[in-house]
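So the structure is just underneath, and the comments pick up after that.
The values are calculated or read from the model by the stated rules, or taken from the named source; none is laboratory data. Everything quoted here is computed from the prediction, not taken from an experiment. Here the Cβ positions follow ideal geometry from the backbone for every residue, glycine too, while neighbour counts run over all protein chains shown.
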Amino acid sequence: MVRREDLLSRRGYLAGDDERRAKELMELVENDTVDAILCARGGYGCHRVVSRLDADVFRVARKPLAGFSDVTTLLLWQLRCAGLAGFHAPMPAQTFSRECDREALVGLLCGEALRGSEAPLRGTPGGGGAAEGRLVGGNLTVLAASLGCPWEVETEGAILLVEDVGERPYRLDRVLAQLREAGKLAGLAGAGVGSFEACDDEAYPSPAACEVVEEALRPLGVPLVLGLPFGHGPENVPWPVGATARVDGDAGTIEWNSPSVAIS
């Protein structure tokens, strides 16, 4: 394991200033003794550093990058700017308690396929048949924050997977409307809904957060899977961002072949 002496640096709500954090990540990418990069936690701050990263260096190194939540920004950036797949995956400081999720992440990092009854993402059937496409997505709020940026999420022909935490239903509605009006929901091959942890509003219990998301996605008429075990909830099954996959809305499954880190 590699760590810098200033790993615990603080600047307000950030782990040090932007230059320090970007430099730390680039050092890991360039370090030949580092085989993979597993982010410790999410929170906020990735949007501030991606412009300081070197996509060409990332592309040459081709190292697996794993994380979720705020790390959605890094996964989008390297997919769009460096042509690299990554892994929406549990992190040591968040949802890393389930042994099966940790083992699944190790399998993905080692290039193993998760298929059939072994360990695809399984949820509740939402109908719509089956389709194939590239897996994209992550934290819903962070996805919307990518709009207008060089790493803006690309959804045409993709299978969009979303999750969130601590966002009230009306705020999720606003984010989904933003994505819809930006054309990011048109042309999807399919969609999947993960956990929306601590998102329901006791003052306004209806509609629930997941109902708001389903209401936005179901009219698209594409294969839809609900209740998938990933996100900020107790289950966080890893999945490869950028890999080609098959979504079956009638069976409630999403499965993929062994992903390659470099996809373009």
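Go through the residues of segment 217-229 one by one and say whether even a single one is loosely packed, with under 15 Cβ neighbours inside 10 Å and not in a strand (DSSP E or B). Checking segment 217-229: at least one residue is loosely packed, with under 15 Cβ neighbours inside 10 Å and not in a strand (DSSP E or B). In the set D18, D35, only one residue is modelled with pLDDT of 85 or more, of a type outside the set (S, T, N, Q), farther than 27 Å from V106 by Cβ and within 23 Å of the chain's Cα centre (by Cα); that residue is D18.
Across segment 1-16, the number of residues qualifying as out of contact with any Phe, Trp or Tyr (no Cβ under 8 Å at 6 or more places or on another chain), surrounded by 15 or more Cβ atoms within 10 Å (Cβ to Cβ) and either without any contact (Cβ under 8 Å) to a residue 24 or more places away in the chain or in a strand (DSSP E or B) (or both) comes to 1. With the structure loaded, tell me whether Y44 is more than 18 Å from L74 (Cα to Cα) and either in contact with a Pro (Cβ under 6 Å, 6 or more places away or on another chain) or aromatic (F, W, Y) (or both) or whether it fails that test. Against the criterion (more than 18 Å from L74 (Cα to Cα) and either in contact with a Pro (Cβ under 6 Å, 6 or more places away or on another chain) or aromatic (F, W, Y) (or both)), Y44 does not qualify. Looking at L75, is it within 26 Å of G194 (Cα to Cα), modelled with pLDDT of 95 or more and in contact with a strand residue (DSSP E or B) (Cβ under 8 Å, 6 or more places away or on another chain)? Answer is yes for this residue.
Between E167, E154, the distinction of being in contact (Cβ under 8 Å) with a residue 60 or more places away in the chain and charged (D, E, K, R) belongs to E154 only.
Could you tell me whether V34 is outside any loop (DSSP other than H, G, I, E, B), out of contact with any His (no Cβ under 8 Å at 6 or more places or on another chain), surrounded by 14 or more Cβ atoms within 10 Å (Cβ to Cβ) and among the β-branched types (V, I, T)? When the stated conditions are applied, V34 does not pass them.
If you go through segment 165-187 and keep only what is acidic (D, E) and farther than 20 Å from G233 by Cβ, you end up with D173, E181. The number of residues in segment 196-210 that are touching a residue at least 24 places away in the same chain (Cβ under 8 Å) and surrounded by fewer than 23 Cβ atoms within 10 Å (Cβ to Cβ) comes to 8.
Per-residue answers, yes or no, for (1) closer than 19 Å to P223 by Cβ; (2) surrounded by fewer than 18 Cβ atoms within 10 Å (Cβ to Cβ):
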position	(1), (2)
E132	yes, yes
V136	yes, no
E152	no, yes
T155	yes, no
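Restricting attention to segment 233-255, the residues that are at pLDDT 95 or above and either among the acidic types (D, E) or within 18 Å of V175 (Cβ to Cβ) (or both) add up to 2.
Name the residue that is surrounded by the fewest Cβ atoms within 10 Å (Cβ to Cβ), counting only residues in segment 239-251 that are more than 18 Å from L143 (Cβ to Cβ) and within 19 Å of the chain's Cα centre (by Cα). Before the answer, list the steps.
Just the residues of segment 239-251 that are more than 18 Å from L143 (Cβ to Cβ), to begin with: 244, 246, 248-251.
The next check asks that each one be within 19 Å of the chain's Cα centre (by Cα); those that pass are 244, 246.
Numbers: T244: 16, R246: 19.
If we take residues in segment 239-251 being more than 18 Å from L143 (Cβ to Cβ) and within 19 Å of the chain's Cα centre (by Cα), then T244 is surrounded by the fewest Cβ atoms within 10 Å (Cβ to Cβ).
If the condition is being surrounded by fewer than 17 Cβ atoms within 10 Å (Cβ to Cβ) and not basic (K, R), then segment 56-101 contributes D56, V57, V60, G83, P92, A93, S97, E99, C100.
Condition check ((1) in a helix (DSSP H, G or I); (2) under 30 Å from V34 (Cα atoms); (3) modelled with pLDDT under 95) across all residues:
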position	(1), (2), (3)
C100	yes, yes, yes
L105	yes, yes, yes
S117	no, no, yes
G128	no, no, no
T141	yes, no, no
E154	no, yes, no
L161	no, yes, no
R174	yes, no, no
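A count restricted to segment 41-72 and to residues that are more than 18 Å from N31 (Cβ to Cβ) and in a loop (DSSP other than H, G, I, E, B) stands at 6.
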